[in-house]
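Before any comments, here is the structure.
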Amino acid sequence: MIRRFERRHIVGHLIMLVTFVGLVITGFPQKFPSTSWAKGVVLIFGGVSRMRFVHHLLGTIMALQLVYHVLELIWFQWVRRYPWTMIPTLQDAKDFVQQIRYNLGLDSSEPQYDRYSWPEKLEYLSLVWGTLLMVATGILMLYPVRFARYMPGEIILAAKAAHGGEATLAALAILTWHSYFVHWKHWNTSIFTGELPRELYLEEHPREFARLWSGETFTPAEVSTKKFLIFVAISTIVVLACGAFVVWLRALPEVIRTVPS
């Protein structure tokens, strides 16, 4: 077994797994409220209000995880100088072409992937973009009164359409793309255990395996006082900005109250 993921990766993936599944379970009944199965799910939760509360809670956790991930990137990529292994490069484009040629029988060998392949990078970027979109549109729908003061009401309706469409796309991507590359092509549990069998590592990530086998290791940069203080300042500003944003959102009611006649 070869160590592939650290504890922070495992915990982050577990939080994303729980929140994503929970958001799908509590979100799709609201998207398709007239179906019998949706009504059944609502009854399981004890009513639509409770289900919406769980949906909003899980969405908040996902939003906080997104903020944490941004700060995590700043720490590891800028302060500790870890390589940007999840950013697509020209080599990924070449690997994509070679993979297509191999699938069509025009090439005799598959691409030799490094730590992450182009499908993994695309899925990661899709996750980040999808989370940004879902959080933004979710906030617009949760506080329509606040945002309708500064933008046309059609934007709120567009946010609702984008929220439901992206949710459907994300769920289908997990059931097809993610399931194939992680469970059908090879049964890969490294994101839960942190370790990957040597044979599978050699097959899926031969370029990284060659470096590990030769004894090549990465040494993180020393944390300088200047960078540490800048990171603390950035983190403080981000946390305070998020807190101020929440206070600003809740300054008005979430929905329009009807006046009894």
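Of note:
- Residue within region 35-56 that is closer than 21 Å to residue 174 by Cα, under 17 Å from the mean Cα position of the chain (by Cα) and modelled with pLDDT of 90 or more present: yes
- The one condition from (1) surrounded by 12 or more Cβ atoms within 10 Å (Cβ to Cβ); (2) at negative phi; (3) not acidic (Asp, Glu) that residue 241 does not meet is (1).
- Residue check for residue 62: in a helix (DSSP H, G or I), within 15 Å of residue 16 (Cβ to Cβ) and within 18 Å of the chain's Cα centre (by Cα): yes
Yes or no, residue by residue, for (1) out of contact with any Pro (no Cβ under 9 Å at 6 or more places or on another chain); (2) without any contact (Cβ under 8 Å) to a residue 40 or more places away in the chain:
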| position | (1), (2) |
| --- | --- |
| 4 | yes, no |
| 9 | yes, no |
| 15 | yes, no |
| 23 | yes, no |
| 29 | yes, yes |
| 32 | yes, yes |
| 37 | no, yes |
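- Residues that are surrounded by 16 or more Cβ atoms within 10 Å (Cβ to Cβ) and either of a type in the set (Ser, Thr, Tyr) or over 18 Å from residue 116 (Cβ atoms) (or both), drawn from region 198-221: 201
- For region 83-107, a residue qualifies if it is under 23 Å from residue 72 (Cβ atoms) and among the aromatic types (Phe, Trp, Tyr), and exactly one does: 84.
- All positions within region 76-96 that are surrounded by fewer than 14 Cβ atoms within 10 Å (Cβ to Cβ), hydrophobic (A, V, I, L, M, F, W, C) and assigned to a helix (DSSP H, G or I): 90, 93
The values are calculated or read from the model by the stated rules, or taken from the named source; none is laboratory data. Values in this document were obtained by computation on a predicted structure and should not be read as measured data. Here Cβ is always computed from backbone atoms with ideal geometry, including for glycine, and neighbour counts include all displayed protein chains.
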